[in-house]
Amino acid sequence: MKHTVETVPAPLPPDDYFMMGDEASAEGAIAAGCNFFAGYPITPSSELMVRMVHRLKETNGSFIQMEDEIGSISALIGASWAGARPMTTTSGPGLSLMMEGIGYAAMTEAPLVVVDIQRAGPSTGQATRPGSGDIFQVRFGSHSDYEIIALSPWSVQEAYDLTIDAFNLAEAYRVPTFVLADESIGHLREKVTIGETVERWHRPTAPGMPPFDTDDENGVPPMPAFGQGERLLVTGSTHDARGFRKTQDSAAHQRLVGRLVGKIRNAAEKIARYETYSLEDAEILVVAYGFSARAALEAISELRRDGVKAGLFRPLTLWPFPEAGLKLAAKSVERVFVPEMNWGQVVREVERILHRDVVPITQVDGEGMRPQSIIDGVRGRAGMNS
Amino acid sequence: METLTYLKNFTEVAEEEIMKPGHVACPGCGAALAMRLALKTLGRNTILIFPACCWAVIDGPFPYSACNVPVFQVAFETAAITAGAIRAGLNATGKKGINVVAWAGDGGTMDIGFGQLSAAAERNDDIIYVCYDNEAYMNTGIQRSSATPWGAWTTTTPGKDFKKEKKKNLLEIMAAHRVPYAASTTIAYPDDLVHKFRKAMSIEGFRIIHIFSPCPPGHKALEKDSILEARYAVESRVFPLYEVEAGTHYTLSKNPPQRPVNDYLSLQGRFRHLTEEQRDYIQKNVNAEWARLMHHMRVSEAITNEHPA
C-alpha cells in the first residue's frame with residue numbers, strides 16, 4: 001500500500017545555519033518527525049545523541065540511553081511497533097552488535113533509522129578517524145536474505161536532507177534505513193540551509209487489514225501499532241499475513257522472504273538517487289560517494305585542467321544502488337575508477353553492474369579521501385603519468 | 001590460609017614502579033593512581049585486559065605502554081569473558097602463577113559488559129575483575145551510565161534533566177552471585193586498596209574489586225581535589241569500603257566519623273544545580289543505604305553462623 005504524505009513547517013526557522021554533520025543529522029531527524037531516540041555512546045556519533053537529548057526534550061519526544069547497541073536496536077523495534085518514528089546513531093562496532101536486531105526489523109518490517117557515523121575499522125580501529133568500511137555490513141550483516149535502504153551524504157547539508165529522506169523511505173517501505181555518513185562528515189562544520197517546509201511520509205495504515213502481506217503490487221502491507229486496538233502478533237519467525245508462525249510451511253516462507261526482498265528490489269529505480277558531474281564528453285568515469293565524492297569532484301576538475309576528460313557519478317543511495325544511472329554514465333567511458341575509504345567495497349557493486357573491469361582507488365589511512373589520491377590513481381592506471 | 005593484615009605503613013608496598021610515567025590520563029585521574037597502586041601490588045606476573053574505556057587510551061599509543069605488563073585490549077562487552085578465557089588457556093598450557101586482571105570502567109562493567117560479567121562470576125572464572133568507577137562514560141564525552149548517581153549532571157542528563165535513577169549497586173549484585181571475593185576501595189585509602197589486591201591474590205576463583213575513581217573533567221572537580229573527593233565519598237558514606245567473602249561474610253573496612261554528604265557534593269560541579277531539598281534527599285538515601293548495609297552485614301553473619309556450610 002502507499003504511504004501518506006504530510007507537509008509541515010520546518011521545526012527550525014528557515015535560515016542558513018552553521019553546524020556539525022552530527023548535529024545536522026539530529027535536526028533532520030527532528031524535522032522528519034522523529035519522536036523516539038535510543039542510543040549508546042560511541043565515537044564519532046555521540047554528538048548526534050547529545051543533540052537529540054535536548055531536541056527531543058523540546059519536542060516532547062522520548063530519549064533513552066541504552067546499556068549497549070543490542071539495546072538500542074531492540075528499543076527502536078519496540079518503539080516502531082508502538083507507532084513512533086524511531087532513530088539511533090552508532091559507529092562500526094556498535095553496528096556490528098545490532099545485526100540480529102536489524103534482521104529482526106527487516107523480518108517484522110519495522111520502520112526505523114540508523115545513522116552510522118563510520119570510523120576507521122575493522123574492530124576498534126581508529127575511533128576518531130573516518131572510514132567507509134560499513135557499506136557491506138549494513139547490507140549483508142544480518143543472516144539470510146533481506147533488503148535495506150542506505151543513503152550516503154557528502155555534506156552537512158545532506159546529513160540534514162538525507163536523514164529526513166531516510167525516515168520517509170523507512171516509513172514508505174517499512175524497512176530499516178541507514179544514513180551512512182562517516183567521521184569526516186559527522187564532525188565537519190559547514191552551512192546548512194533549512195527550508196520552510198518538510199515533507200513527512202507516514203507508513204500505510206488500513207485498520208483490520210493484515211499487517212504482513214498485501215495484494216498491492218508494491219508489496220508493502222499496512223502497519224498497525226500496539227495500542228490501536230488490534231490483536232497484533234509480531235514475530236521474527238516465518239509468518240503469514242496475520243503474523244501467525246509458519247515455521248514448517250515452505251510456501252509461506254518463500255512468499256514472505258520473496259516479498260521482503262521484492263518490495264525493495266522492485267522499487268529500486270524509484271528509490272535510487274544519484275548526481276553526475278562533467279559526464280558529457282567524459283572518457284574517465286569516477287564513481288564516488290560520501291566524503292570521497294568531494295575529493296573526486298576536486299580531482300576531476302584538476303584532471304580536466306590537465307586535459308584528462310574525467311567525469312563523476314555520485315550515488316546518494318548505496319542500497320539500492322542506482323544501476324540504470326550508472327550504466328548510462330559508464331556507457332561511453334574508457335575507464336571506471338572507484339575511490340573509497342576502504343579496501344574496495346562499492347567497487348564490487350560497480351563491477352557487478354557494469355560487467356567490466358573497474359579500478360579501485362583505496363585510501364585506508366584514517367584520513368579523509370584526498371583529491372591527490374584519486375588523481376594519482378587515475379594517472380597510474382590510465383597510463384597518463386606526466 | 002594466612003590471615004592478611006593491613007599494611008602498618010606504606011613502605012610495605014613494593015618500591016618498584018611497574019606503571020611508568022608518560023601515561024596519557026587527564027591530570028588528577030583517579031583511575032591512573034589506582035592502576036599505579038594495583039600494579040605495585042600485583043607485580044610483573046600480570047596480564048591486564050582492557051575493554052573500551054579510559055584505560056584503553058591512558059595506557060598510551062603503541063609502542064608506548066605505561067603499564068609495562070602485557071595488555072590485551074578487547075571489545076567493549078568482553079573483558080570478563082576474555083579474562084576467563086585467558087585463564088583457561090593458561091591452564092590448558094600448564095602456566096601457573098599469573099594474575100589475570102580484567103580492568104574495566106563502569107560502563108563496560110555495569111552496562112554493556114554486565115551479562116558477561118555475571119556469566120564469568122557464575123562460572124567462578126579464576127580472575128581478578130576490577131571496575132574503576134568514574135560514574136559515567138568519560139572517554140566518549142561524559143554520558144550517563146547505570147553507575148551515575150542520582151542527581152548528577154552528564155551530557156545525556158543535562159540541566160534540569162539530571163539523572164533521576166539511582167546508581168546500580170555493583171557490590172551487592174556481585175555478592176548475590178556468591179563469588180569468593182568482592183570488595184570496594186578507593187584511591188584516598190592506598191593502604192586499603194593495596195590490602196584488597198593482596199587479599200584478592202590470596203584467593204582462587206572470581207574476585208572483583210570496585211574502585212571509586214574521581215574524574216576531574218567528568219565530575220567537574222579540581223584536579224587537586226581528586227584524593228579529597230575520594231576521601232569524602234567514604235567519609236560521607238556515599239561509597240562505603242567493605243569486603244564480602246563467599247557472598248555472605250561481610251567486613252567493613254573503614255568507618256570514619258560521618259561527614260555530611262554535602263561536603264562531598266560541593267567538591268563537584270556535576271552536582272552544582274542541586275537544591276537544598278535535593279541534597280537532603282541524597283543525604284537520606286545515603287543514610288538508608290548505610291543502615292541497610294549494616295543490617296545486611298549483621299543478618300548475613302547470623303545466618304551463616306546458624307547454617308554453617
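For this structure, a couple of remarks:
- Cross-chain or 6+ apart pairs with Cβ under 9 Å, region A:181-199 first and closer than 23 Å to A:G33 by Cβ and open to solvent by 40 Å² or more (accessible area, probe 1.4 Å), then of a type in the set (A, V, I, L, M, F, W, C) and in a strand (DSSP E or B): A:T197/A:V8; A:E199/A:V5; A:E199/A:V8
- Scan of region B:42-70 for residues that are within 14 Å of chain A (Cβ to nearest Cβ) and surrounded by fewer than 18 Cβ atoms within 10 Å (Cβ to Cβ), ordered by number: B:V57, B:P61, B:F62
- Matching option when the condition is out of contact with any Ser or Thr (no Cβ under 9 Å at 6 or more places or on another chain) and charged (D, E, K, R), among A:E158, A:E196: A:E196
- Lone unmet requirement of (1) touching a helix residue (DSSP H, G or I) at 6+ places or on another chain (Cβ under 8 Å); (2) assigned to a helix (DSSP H, G or I); (3) surrounded by fewer than 24 Cβ atoms within 10 Å (Cβ to Cβ) for A:F136: (1)
- Screening region A:294-365 for strands (runs of 3 or more DSSP E) wholly inside it with 3 or more residues that are open to solvent by 10 Å² or more (accessible area, probe 1.4 Å) returns the ranges A:359-362.
- Unique match (being away from chain A (no Cβ under 14 Å), free of Cβ contacts under 8 Å to residues at least 60 places away in the same chain, of a type in the set (A, V, I, L, M, F, W, C) and open to solvent by less than 30 Å² (accessible area, probe 1.4 Å)) among B:A88, B:A92, B:A102: B:A102
Quick grid of which residues meet (1) hydrophobic (A, V, I, L, M, F, W, C); (2) farther than 30 Å from A:L354 by Cβ:
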site	(1), (2)
A:G229	no, yes
A:K246	no, yes
A:D249	no, yes
A:L256	yes, yes
A:K263	no, no
A:I271	yes, no
A:E275	no, no
A:E280	no, no
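- Subset tally (residues that are open to solvent by 10 Å² or more (accessible area, probe 1.4 Å) and in a loop (DSSP other than H, G, I, E, B)) for region B:16-41: 13
- Helices (runs of 4 or more DSSP H) wholly inside region B:94-190 containing at least 3 residues that are under 24 Å from B:N285 (Cα atoms): B:106-110, B:170-176
- Flag if B:D106 is modelled with pLDDT of 95 or more and under 19 Å from B:R44 (Cα atoms): no
Residue-by-condition table, conditions (1) in contact with a helix residue (DSSP H, G or I) (Cβ under 8 Å, 6 or more places away or on another chain); (2) outside any strand (DSSP E or B); (3) farther than 24 Å from B:T140 by Cα:
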{"position": "A:V53", "(1), (2), (3)": "yes, yes, no"}
{"position": "A:S80", "(1), (2), (3)": "yes, yes, yes"}
{"position": "A:T89", "(1), (2), (3)": "yes, no, no"}
{"position": "A:T124", "(1), (2), (3)": "yes, yes, no"}
{"position": "A:G131", "(1), (2), (3)": "yes, yes, no"}
{"position": "A:A159", "(1), (2), (3)": "yes, yes, no"}
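- Residue ID - modelled with the lowest pLDDT, chosen from residues in region B:14-30 that are touching a Gly at 6+ places or on another chain (Cβ under 8 Å) and away from chain A (no Cβ under 14 Å): B:A14
Per-residue answers, yes or no, for (1) assigned to a loop (DSSP other than H, G, I, E, B); (2) away from every other protein chain (no Cβ under 14 Å); (3) closer than 22 Å to A:M223 by Cα; (4) at pLDDT below 95:
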{"residue": "A:G33", "(1), (2), (3), (4)": "yes, yes, yes, no"}
{"residue": "A:K57", "(1), (2), (3), (4)": "no, no, no, no"}
{"residue": "A:E67", "(1), (2), (3), (4)": "yes, no, no, no"}
{"residue": "A:I77", "(1), (2), (3), (4)": "no, yes, yes, no"}
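- Residues of region A:106-122 that turn out to be part of a loop (DSSP other than H, G, I, E, B) and not aliphatic (A, V, I, L, M), as a count: 5
- For region B:254-293, the set of residues classified as without any contact (Cβ under 8 Å) to a residue 12 or more places away in the chain and of a type in the set (A, V, I, L, M) consists of B:A288, B:A291, listed by residue number.
- Given (1) more than 14 Å from chain A (Cβ to nearest Cβ); (2) under 23 Å from B:A230 (Cβ atoms); (3) of a type in the set (A, V, I, L, M, F, W, C), index of the condition B:M138 fails: (1)
The values are calculated or read from the model by the stated rules, or taken from the named source; none is laboratory data. Since this is a predicted model, take the numbers as computed values, not measurements. Glycine gets a Cβ as well: all are built from the backbone with ideal geometry, and neighbour counts include every protein chain shown. Accessible surface is based on the protein model in full, side chains and every heavy atom, while ligands, DNA and RNA are left aside. Shrake-Rupley method; radii C 1.70, N 1.55, O 1.52, S 1.80 Å.
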